[in-house]
Amino acid sequence: MNTTQFIGEHLWPGQLGQFCVITAFICALFSAFSYYKAVRTENKLIGESNSWIKIGRAGFIIHAISIFGIFAFLYYIIANHLFEYHYAWEHSSLILPTKYLLSCFWEGQQGSFMLWAFWHCVLGLIVMRTAGILETRVMAIIAIVQACIASMLLGLYFGSDIQIGTSPFMLLRTVMQDAPIFASPNYMSFIHDGNGLNPLLQNYWMVIHPPVLFLGFSSTLIPFAFAISALWKNDYTTWVRPAVIWSLFAGAVLGTGIMMGGAWAYESLNFGGYWAWDPVENASLVPWITLVAALHTLIVYKATKRSLPVTFILFMITYCLVWYSTFLTRTGILGKTSVHAFTGDGSSLTYHLTTVIGLLLILCIGLLIKRWKELPRITTEEATVTREFWMFIGSFILLLSAIQIAITTSIPVWSPLAKMITGKDVAPPVNPVQHYNSIQVWVATVVALLSAAVLHMRFKQSDGKLVAKRLAITGSMTAVLSLFIGFDQKINAWQYDLLLYAACFGIVANIYYACFVQKVNFKKLGPAIAHLGFATVLLGILLSSFNKHIISYNTLGINLRFEKPTREEMLKENYENVLLYRNTPVAMGDYFATYVGDSVAPPDPRTFYKVDYVRMDSETNRVTESFTLYPDAFVNHKGNQSLISNPSTKHYWNRDIFTFVSSVIDPGKKTDTTKFVSHIVHAGDTIFLDNGYMVFNGFNAQVKDPRYIAKEGDIAVSAKLALYDIKGLVKTMQPIYYIRDRYEYQVDDTLGAKYLYARLSKIIPEKNAAEIMIRQTNPNSDFIVLKAIVFPFINVLWLGVIVMVFGFLLSMIRQITKKDRKVITNTPDITAQ
């Protein structure tokens, strides 16, 4: 046992934080047990059941307070730079701006689980007050899930092989106990700063994107818990309305979080866009797709009492997929296929997450098997021209879409097993964008058509002629609109022409439904607005992706030496990137781009590269537009030492010009080996330069220059130098020479555009001459390699996201505020099979 007394450590916040971790875990289990006992006694002993409910509530409230305490103590440790704690040392530093302190939570594994648990507590407290008679069953599920998450933070060790969770309050000397520095009781005197936050996460999107995304993940638990509660007690009526409300909330928030991630990628990563079918992106998208499918089958069940079994299955799949996505992104299994998955040794976490997923599957499958024959079903066939029929078809297609994405994303998981069986390696697709797009374009087309058409039908029975009339009108209007857009945007691939028609149909048909069917009854427009937003998203994706084009073509034929897996990729990148020498304009599309220079602002590790863009009228040769972009880049010292570049974008209403730096000279390795060259000149003499010449026009004894502050006794003079190039006079330069207290001083004059430095080194009175020192650097020694992409009409995509989320929320408010009709359970066409 180590009895060394270490100097300078602050142990109390870590000890209190770890106490909160243990308390949170114990109270979650206690609350789950109490609620379970309340469920078991609710139909027998009312008084005993109420007592267990009160105990369960108290346990969950203490659990929530403990989770909030974990957050508070860890924030205190990070904000006060207590680097004796490994989490603070690993993810923060003294120079980290205060606004990014919260991002330190999301960078580490433990912080992500804390955020997840935090939102579960908030949602659980709301459910506790609103669930009514379902509180006991729903809260029992929430509490047991919270115990599973809290166990991820325990940091308990049994022997050398078994570990349960990883505590965020572990000391640095515990994690790195073999390092010689920790043999000293005074080791804190050697630790002056932390490892720092990954610069990629030092972005305002990464302050708000993870909390919103994890709120979306967390909110999927609530409809799942209501579904389990229904199966638990064989109660298939009271759970429906709250499950609809929470599904709408989860769909809105999770969808927002996913697209916030897309916006972060668009603004901060050199993906070349907002979506790259990265495995981590897919892992968050798949649960949202199945959640939307579950929501629609639940609405079908609410209206017609059909599709209950598939609704339960979809809610179960959704929540299990949330945990599975956590498994994919946290265990490091996607480390070689994703640019932003967690990496490292995740063996203990792998077993831990696998155990939780296994328990969830056992719970779900067990309940389904137990209740399968008792689930109410309608024996009659539904009519074809009805909402429920096509909503079920649409949900089934969404499920197939999710399965395809999940299977391909999971190749690193199942490929070892496939190799054992077949003896062949299964690798992820070489071009994932092309692979997914070739399949998902058909899904998007069908779902867009269905989401537009289905609102014009009714549940149970529709007027076929009226539906056909409405669809004919909207279909004809769509044909005109899609033809106009297709010709204007030159969309000439037939599968994308179909997608264009489907997206336009979704827009036209939903607007028609809102205006002429619902008569703009705002309270009832939630579904139409959500579907309208979805169609607008598809249109934005199509317009911004199909005609996305490069304007940074390498017309000089210079080999830029990109390292790519295949020769084809290398040639493609070489052709799509342009070399910009400093102060040398290069034609890029309709613009001339000029790399002006770079700047740094320590301690920020990024270097910002200033690139001026000018558009000129071809007839008058006048500048019609100009702007400046500042893409930045840095060497990621927390990764593989590779260059990480962040884009800079010029936004227009109808397009974006997206630029990022592909290659640079490391600012820390830039050297200037040019030297000053001496020239002895008389008045009227010429000094020849690389790209012009300079004339010495004598001296100026009256020096009035802000670069020189005269003092009594100074003797000062400046040289009059006129700089010329092929177009004529460029500038007059006046380097200064002065004597102060018998010492000689010089003030150089510079001209950055010519990389020119002039110095009046000395005056030679006996020859009526001067020594002019000239230094002119080679502009080709400073350059960047830039890629520029135009995204047409990308704002249509962002508008669609806003409209879709608004539709979700409007539907949720409608469900909360409207009075629910009395549920009829003994309908003649329902049988228990």
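Among the residues of segment 91-105 satisfying the criterion of being in a helix (DSSP H, G or I) and touching a residue at least 24 places away in the same chain (Cβ under 8 Å), which is surrounded by the fewest Cβ atoms within 10 Å (Cβ to Cβ)?
Taking the candidates together, the pick is LYS99.
Give segment 374-411 a look and list any residue that's in a helix (DSSP H, G or I) and touching a Leu at 6+ places or on another chain (Cβ under 6 Å), or say none.
If the condition is that a residue be in a helix (DSSP H, G or I) and touching a Leu at 6+ places or on another chain (Cβ under 6 Å), then TRP390, GLY394 are the ones that fit.
Search segment 130-165 for residues being open to solvent by 40 Å² or more (accessible area, probe 1.4 Å) and either of a type in the set (D, E, K, R) or at pLDDT 90 or above (or both), and hand back the single one that is nearest to SER348 (Cα to Cα).
Once the filter is applied, the top-ranked residue is ASP161.
Of everything in segment 714-726, what is under 25 Å from ILE739 (Cα atoms) and under 59 Å from the mean Cα position of the chain (by Cα)? Give them in sequence order.
Selection gives SER718, ALA719, LYS720, LEU721, ALA722.
Inside segment 672-713, can you point out the residues that are at pLDDT 90 or above, under 21 Å from TYR743 (Cβ atoms) and over 58 Å from the mean Cα position of the chain (by Cα)?
PHE699
Condition first: of a type in the set (Ser, Thr, Tyr), surrounded by fewer than 20 Cβ atoms within 10 Å (Cβ to Cβ) and farther than 23 Å from TYR266 by Cα. Can you find one or more residues in segment 471-494 that meet it?
Yes - at least one qualifying residue is present in segment 471-494.
From the list ALA24, ALA88, exactly one residue is more than 22 Å from ASN203 (Cβ to Cβ) and in a helix (DSSP H, G or I). Which is it?
Every option except ALA24 fails the conditions.
So, GLY639, is that one open to solvent by 70 Å² or more (accessible area, probe 1.4 Å), modelled with pLDDT under 85 and of a type in the set (Gly, Ala, Ser) or not?
no
For segment 528-561, give me the residue count where each residue is of a type in the set (Gly, Ala, Ser), part of a loop (DSSP other than H, G, I, E, B) and open to solvent by less than 50 Å² (accessible area, probe 1.4 Å).
Residues flagged as of a type in the set (Gly, Ala, Ser), part of a loop (DSSP other than H, G, I, E, B) and open to solvent by less than 50 Å² (accessible area, probe 1.4 Å) within segment 528-561 amount to 1.
So which pairs qualify, if the first residue must be in segment 347-363 and within 16 Å of GLN146 (Cα to Cα), the second must be of a type in the set (Val, Ile, Thr) and open to solvent by 30 Å² or more (accessible area, probe 1.4 Å), the Cβ gap must be under 8 Å, and the two must be at least 6 apart or on different chains?
Taking only residues 6 or more apart or on different chains, the pairs are HIS352/ILE164.
With a cut-off of at least 1 residues that are under 23 Å from PRO242 (Cβ atoms), name the helices (runs of 4 or more DSSP H) lying wholly within segment 106-193.
109-130, 135-151
The values are calculated or read from the model by the stated rules, or taken from the named source; none is laboratory data. Here the structure is a predicted model, which is why all the values come from computation and not from measurement. Note: ideal-geometry Cβ built from the backbone for every residue, glycine included; neighbour counts use all protein chains shown. Side chains included, ligands, DNA and RNA excluded: accessible areas come from the protein's heavy atoms. Shrake-Rupley method; radii C 1.70, N 1.55, O 1.52, S 1.80 Å.
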